[in-house]
DNA sequence: CTGTTAGCGCCTTCAA
DNA sequence: TTGAAGGCGCTAACAG
C-alpha cells in the first residue's frame, strides 16, 4: 500500500516471489507487454505490487537499458529570474514525458561549467541543455564534434560555427524593433548600455545589431546624427556603478537638450543604470530608458520600463523539445518544434551541418519610460 | 585523453584489461585505497585512465552502494524568482560535495508534487528538499513517519507537528518588525494583503502574526483604532484584480484622511496591488506600501518599495546543509548549521521529536514607499 | 503464456 | 600487493 512499509524497498524479485512467477514476467507487466499474459497473473501481479508498495528502480533500469530518462542542464547563473523561467519551460516538457532534470549552476565560471558538464555526463544523462557562461566555446565545440557525444542543445546562446542545435531570441530583429520604436518616439540619440561581452553570444549579437542599425540609418555610431535620423553609441562598462554613472552623465550632458534613450542589454544592466542615475525620473521626457527585460519586472519598475521580453518559458519549452527530438524522439527536431511553435512565431533562423538555430521572438512591451 | 574518442564509453573492465590487472585493483585505485598498491601499477592505471578517457559510471556505482550522490528538490513554483535564489543556495552547498541536484516543479499543484516526490525517490535520490505547494500535509506526514524514509527537509514551509527538519523565515519576528516600522512612520491603519492561504504555512503564519500584533496593541482587527495606536485588518483575495481593486478602494476610502499602509504578503500580491491601484503614486504620503519581497526587485519598483527580504540564497544553503547532515554527514544538523549560521542570525526556533525548525532572519529594507 | 540465462558497470567479501 | 567470484535490480534474447 504505502511505500516503505517494510524494512527496505522491495525489489522486482520480491514481487516475483510473492506472486510466484519469474522476474521476467514482472518486467513484462511493468512495460505493458501483457499481450500474451493471462489475465489472472496480471491481476495477481497488480495486487502484489500494490501490496508491497513496489516501485521500479530507475537507476537499475538505466544501467541496463543505457537510457536513464534524465537530462542535465547547466545554467550560467541560476540566481537570475530569467533562468528560473527557462527552467519552468523545460520542466513542462520533461514532466509530460516523465524525465528527470539534473540542474547545475555554473555561477558564471567557465571552469565550473566544464566540471558540471562532466559531472552530468557521469550521472549518465541522456542529453544536455547548456546555457553557457561564455568562454567555453572551444570546449563545447570539441565535445560536440567528438566521438559520439550525448545530444546537446544550447539555450539563449550559441557558438559559431554551430555544432549543435541552439535556441535563442531573435536578437537582431528584436533590437531593430526597439530602435524603431525609440526613433518613432522622437528620441534623437540612443545609448546601448552593456557589460563587456566576455564570450556571451547574446551580448555581442545585440551590440552588433545596434551598430548595424545605426550605420544603416545614415547615423554615425558614437557620433552625432547629421540628418535628423537616430544617432547612437554603445557604452560598455564593467559593472562599476561609479564608472557607469560618470559615463552616463557625460553622454547625456553631451547631447544638450536632445532627447536621449538608454537601452540596457538586460535586466542586470537596467538595474545598474537605475542605480547609477536615480534622477532619471527627474528628467522624464528628455531621457528615456528601455531594455531587454522580463515584462513582469519592467512593468512595475520605476515609472514602468519599455522592454523586450524574451519569453523565457517558451524558450525553455522549445529547448526541451529540441533535445528530446535528438535523444528519444529520433525524429526531426525541426518538424517537432515548428509544428506547435509556428503559432508562437518560432522560426529556424540558421542551419549548419544539420544543426538548427531556433529563434523565439521577443515581445515589445511599451511603458511610460519611452512615452513622455 | 578526451572522452568519447572511442566508439563507446570505456568501462572499468576496459581499463583493467588495458593495464593488465583486475577490476578490483582499478576500483581500489579510484577510491584512493592505494595503501597497498605498487607505485608502478598505480602509475600505469593512471595513464590508462587518461588514455581511455575513462570516467566511472555513477549510476552503476549507486546501484551497488545504495547511495546515489543525488538529492531531489520539489519547488512549488519554479518560475518564481524567489525559487531560483533558493536553488542557487542549494547548489552552492551541493557543488562543494559533488552531489547532483534533481529539480522538479510542482506548478502549484499538490497532485503533481506528490508525483514528483515519487519520481525523485524512484530515481534513488539520497534525500529530498520540499518546498511544498500546500495541501499535502497528510501525505508528507505519512511519508516522514513511514517505514524508513529517505531524509526530507522542508523549505520555506513546515507542517505541524513537525515531522522533519524545516528551514523557514522568522516570519513572526519579521512581521512585527515591519509593523513597528509602519507604526513608527505614523501610519494609523495597516492592511495586510494576501491571497487565500490554501495550506501554505508561510501565509497563515504571517497573517496570524499581524492579527496578534494588532490585538496586542490595543487596536481592534478589522476595526478602527480608538486610542491612537495602529489599527489594521487582513484582506484576503483570490487573485481577481478587479475584486482586489474594489476592496482596496473601499478600505482606503473608509479611512478618510488617515494614513494607510498596504502590506503585501509576497511579491505576487505586491504586483497585484500595483496592478489594482496604479494611482498609489498619486497619493504618496497618505498611502504607503510594503511587502515581503526581494530587495533587488522592491528597490527599483515604483518609487522604491520598503520590503522584508527573506535571503533566499541563505535559506537554500541552510536547507542543503540540513539535508546533508541527515544523509551523509551522519552528524548533528544543529551543530553543522549553527556553527556557520550563527553569524547570519540563523536560529533553531522550535524542535519536536528530534526535528528542528531553522529560522533565517528576513532583512528590512526601507525605501520611499513608507517614507513620505 | 512463462521461465532461463546472461549480463549492464561497479563494489565487496574472501582468498591468495 | 592483487584476484576471483558473487551480486545490486533490472532487461533482453532465447527457449520452451
For the stretch B:1-136, what relative contact order do you get, as a whole percent, if you take Cα pairs closer than 8 Å and at least 6 residues apart? 25
Compute the long axis of helix A:241-254 from its Cα atoms, compare it with the longest principal axis of the Cα atoms of chain A, and write down the angle in degrees, 0 to 90, nearest 10. 40
Pop a pseudo-label 7 angstrom from the Cα along the beta-carbon direction at both residue A:339 and residue B:332 and give the gap in nm to one decimal. 6.0
Nearest 10 degrees is fine. How inclined is helix A:39-52 to the longest principal axis of chain A, computing both from alpha carbons? 70
Label-point separation (nm) for residue B:23 and residue A:40, each offset 7 Å from Cα along Cα-to-Cβ? 4.1
Relative compactness, the stretch A:319-372, computed as alpha-carbon Rg over 2.2 N^0.38 Å: 1.53
Give me the angle, in degrees from 0 to 90, between the Cα long axis of helix B:110-122 and the longest principal axis of the Cα atoms of chain B, rounded to the nearest 10. 20
Three semi-axes of the equivalent ellipsoid, the stretch B:149-201, Cα gyration tensor, whole Å, largest first: 31, 13, 7
Counting pairs of alpha carbon atoms under 8 Å apart in space and at least six apart in sequence, what relative contact order in percent does chain A give? 16
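Just for the protein assembly as shown, what percent of DSSP beta bridges are antiparallel, to the closest 5? Let's see the in-between values first.
On the way: 20 of 104 bridges.
Within the protein assembly as shown, antiparallel bridges account for around 20 percent of the total.
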What does the convex hull of the alpha-carbon atoms of chain A project to on average, in nm²? 22.8
Distance between modelled label sites at residue A:366 and residue B:141, nm, 7 Å Cα→Cβ extension: 5.6
Which percent, nearest 5, of DSSP beta bridges in chain A are antiparallel? 15
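Can you check how the C-alpha radius of gyration of the protein assembly as shown compares to 2.2 N^0.38 Å, as a plain ratio? Walk me through the intermediate numbers first.
Details: Rg = 28.5 Å, N = 744, 2.2 N^0.38 = 27.1 Å.
The value comes to 1.05.
If you average the sequence gap of Cα pairs under 8 Å that are 6 or more apart and divide by the length of the stretch B:12-63, what percent do you get for the contact order?
38
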Calculated P(r) of the stretch A:1-107 - Cα pairs past 20 Å, %: 56
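Semi-axes of the equivalent ellipsoid for the stretch B:12-63, please: Cα gyration tensor eigenvalues, times 5, square-rooted, ordered largest first, whole Å. The partial results should precede the final answer.
Details: eigenvalues 58, 35, 17 Å².
Semi-axis lengths for the stretch B:12-63 are 17, 13, 9 Å.
All of the numbers you see were taken from the coordinates with simple rules; none came from a lab. Remember, predicted model here, so these are calculated numbers, not experimental data. No Cβ is skipped: glycine too gets one built from the backbone with ideal geometry, and neighbour counts run over all protein chains shown.
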